[in-house]
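Here it is: the structure, laid out below.
The values are calculated or read from the model by the stated rules, or taken from the named source; none is laboratory data. Keep in mind that what you see is a predicted model, and the values were worked out from it rather than measured. Methodologically, a virtual Cβ is constructed for each residue, glycine included, from the backbone with ideal geometry; neighbour enumeration extends over all protein chains shown. For the accessible areas, the whole protein counts, side chains as well, though only heavy atoms, and no ligand, DNA or RNA atoms are used. Shrake-Rupley method; radii C 1.70, N 1.55, O 1.52, S 1.80 Å.
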Amino acid sequence: MGDSSAFPGFHSQYSYDRDYARPLFRVASFSSERGGDEHGHEHSPRGRGGAMARTASFKVTAAPSRLSQAMSKLSMKKLQQAVDERSVEDEEMELMKEKYTKLLLGEDMSGGGKGVCTAVAISNAITNLYATVFGTCHRLQSLPPEKRSMWNREMDCLLSICEYIVEFAPTVQARPDGSTHDVMATSPRSDILMNLPALEKLETMLLGILDSFDKAEFWYADQRKQSFTETKKPSSFKRNEDKWWLPEPCVPESGLSDALHRELQHKRDQASQIHKMAMEINNAILSEMQIPSSYIETLPKTGKVGTGDVIYRYMSSGDQFSPDHLLDFLNLSSEHEALEIADRVEAAMYVWRRKASMTHVVTKWENVTELNADGDKNLILASRARSLLLCLKQRFPGLSQTTLDTSKIHYNKDIGQAILESYSRVLESLAYSIVSWIDDVLLADENAKQGNSTRIQKQVFSQVSPQR
């Protein structure tokens, strides 16, 4: 050990006994209880002089002895706290080193250069961080402090990369003599400047929604930990069998208060709007990414082959097209079927766009509608396919990524787009989860109130029914 000044909680006037690993004033306290000579001098346990002899030269009474012990315990407690804090900081630093090492190596720990590009590594890092922090969160409650700290710390590091992604723009600079000249100045890239602050605001709002339910009237029951002998829960909430392992919300027998019910509905609407905004940002970023050549090679020869006869006949017949009516006719019962239809329609959409680009110059396909298609059949079909995809994603908000989206993310090399896409994607997933959790609580509240109303009606009927 070094000198005593290196340890928090130890004062410079006390020396430190290396053999006994405690402050010398505590050694003096223990020695006084064993007794000393008639002059009050105490014998050093190791026969040392100097500081120990001077420290032991006091006449120790019972009260100062207890005070010294209390001071020693306080100092040791402060020392232990400092050591614990330092160990936590060291552990966090090692974790950050490991994460940044994986980013630099492209997740190839052999160092042979066979890893993914930096953009994909950062995208995977944000996705994995979200899974680590929110993967076990299935309740309307604030994040634990350690997970909240992990999320803020690592996201700050990953998003700080955007501060160095800039674009050059000509600007006029004045000289000391009053003349001007043109220079190239840097500014944040336009897509990052527009989308990153918006996403950070959406994240703050989502975490605020979770924090607002810390002291709520409802609670959760973990189905995996319940025994068969437990009494029936106040709420008659029933979850789908495919999600039996999720905790079930419970409410009082009389249901939630009107104030909390209104707050839940307001928070649900707020989370739903955040979900839509995050989805729009994500779709915009994905549309700007280049289509990989490997995906283009797998496109069908015609759009009819891609969609199938039934969907193609419905999309190509008549002047009026309703994607809602088509989805009602298809009667999709699962997200797996919806994802399959989305892949087929999206592939056909790009086939029609490629054919239309041979005769039309289109700068932005999102602006193409049936009204400005100039009667071109390929443009009309491409526009209808896009509207069908949007309607499909609205009906299935938890729909997985399509084959094209997955290919774009995998082959993307733009780091700015990778950060914005993954950031908006995880926020979209969190918003959808919050909406689902609130729906579960509202359903449990509705069932509880219906059961309570039935019980009251039975009691009233039993009171007014004639006695026989």
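Within segment 167-183, identify whether any single residue is surrounded by 10 or more Cβ atoms within 10 Å (Cβ to Cβ), in contact with a Cys (Cβ under 6 Å, 6 or more places away or on another chain), in contact (Cβ under 8 Å) with a residue 12 or more places away in the chain and not small (Gly, Ala, Ser), and answer yes or no.
Among the residues of segment 167-183, not one is surrounded by 10 or more Cβ atoms within 10 Å (Cβ to Cβ), in contact with a Cys (Cβ under 6 Å, 6 or more places away or on another chain), in contact (Cβ under 8 Å) with a residue 12 or more places away in the chain and not small (Gly, Ala, Ser), which makes the answer no.
When you scan segment 334-346, do you find a residue that is under 30 Å from Ala198 (Cβ atoms) and either assigned to a loop (DSSP other than H, G, I, E, B) or without any contact (Cβ under 8 Å) to a residue 60 or more places away in the chain (or both), even just one? Working first, answer last.
Going residue by residue through segment 334-346, those that are under 30 Å from Ala198 (Cβ atoms) are 335, 338-339, 342-343, 345-346.
If we keep only those that are either assigned to a loop (DSSP other than H, G, I, E, B) or without any contact (Cβ under 8 Å) to a residue 60 or more places away in the chain (or both) as well, we get 345-346.
Checked against the condition, which is being under 30 Å from Ala198 (Cβ atoms) and either assigned to a loop (DSSP other than H, G, I, E, B) or without any contact (Cβ under 8 Å) to a residue 60 or more places away in the chain (or both), segment 334-346 yields at least one hit.
Based on this model, can you work out whether Ala284 counts as open to solvent by less than 40 Å² (accessible area, probe 1.4 Å) and within 23 Å of the chain's Cα centre (by Cα)? Can you show your working first?
Details: open to solvent by less than 40 Å² (accessible area, probe 1.4 Å): no; within 23 Å of the chain's Cα centre (by Cα): yes.
In short, no.
Only one of these is touching a Ser or Thr at 6+ places or on another chain (Cβ under 8 Å) and not β-branched (Val, Ile, Thr): Ser123, Ser110, Ser190, Ser179. Name it.
Ser123
Of the residues Leu202, Leu206, Leu264, Leu196, which is at pLDDT below 95 and surrounded by 12 or more Cβ atoms within 10 Å (Cβ to Cβ)? Full working, then the answer.
Values: Leu202 fails: at pLDDT below 95; Leu206 fails: at pLDDT below 95; Leu196 fails: at pLDDT below 95.
Answer to the selection: Leu264.
Moving to a separate point now. Collect the residues in segment 300-338 that are exposed (fewer than 13 other Cβ atoms within 10 Å of the Cβ), of a type outside the set (Val, Ile, Thr) and over 19 Å from Gly398 (Cα atoms), keeping them in residue-number order.
If the condition is that a residue be exposed (fewer than 13 other Cβ atoms within 10 Å of the Cβ), of a type outside the set (Val, Ile, Thr) and over 19 Å from Gly398 (Cα atoms), then Lys301, Asp309, Arg313, Ser317, Gly318, Asp319, Gln320, His325, Phe329 are the ones that fit.
As an exercise: evaluate Gln273 against (1) at pLDDT below 90; (2) surrounded by fewer than 18 Cβ atoms within 10 Å (Cβ to Cβ) and give the number of the one condition it does not meet.
(1)
Right, something else. Going through segment 339-357 one residue at a time, which ones are within 16 Å of Lys377 (Cα to Cα) and surrounded by fewer than 17 Cβ atoms within 10 Å (Cβ to Cβ)?
Result: Arg354, Ser357.
Can you spot a residue in segment 96-109 that is under 30 Å from Tyr220 (Cβ atoms), in a helix (DSSP H, G or I), without any contact (Cβ under 8 Å) to a residue 12 or more places away in the chain and open to solvent by less than 90 Å² (accessible area, probe 1.4 Å)?
Within segment 96-109, the first condition is being under 30 Å from Tyr220 (Cβ atoms), and the residues that meet it are none.
No: segment 96-109 contains no residue that is under 30 Å from Tyr220 (Cβ atoms), in a helix (DSSP H, G or I), without any contact (Cβ under 8 Å) to a residue 12 or more places away in the chain and open to solvent by less than 90 Å² (accessible area, probe 1.4 Å).
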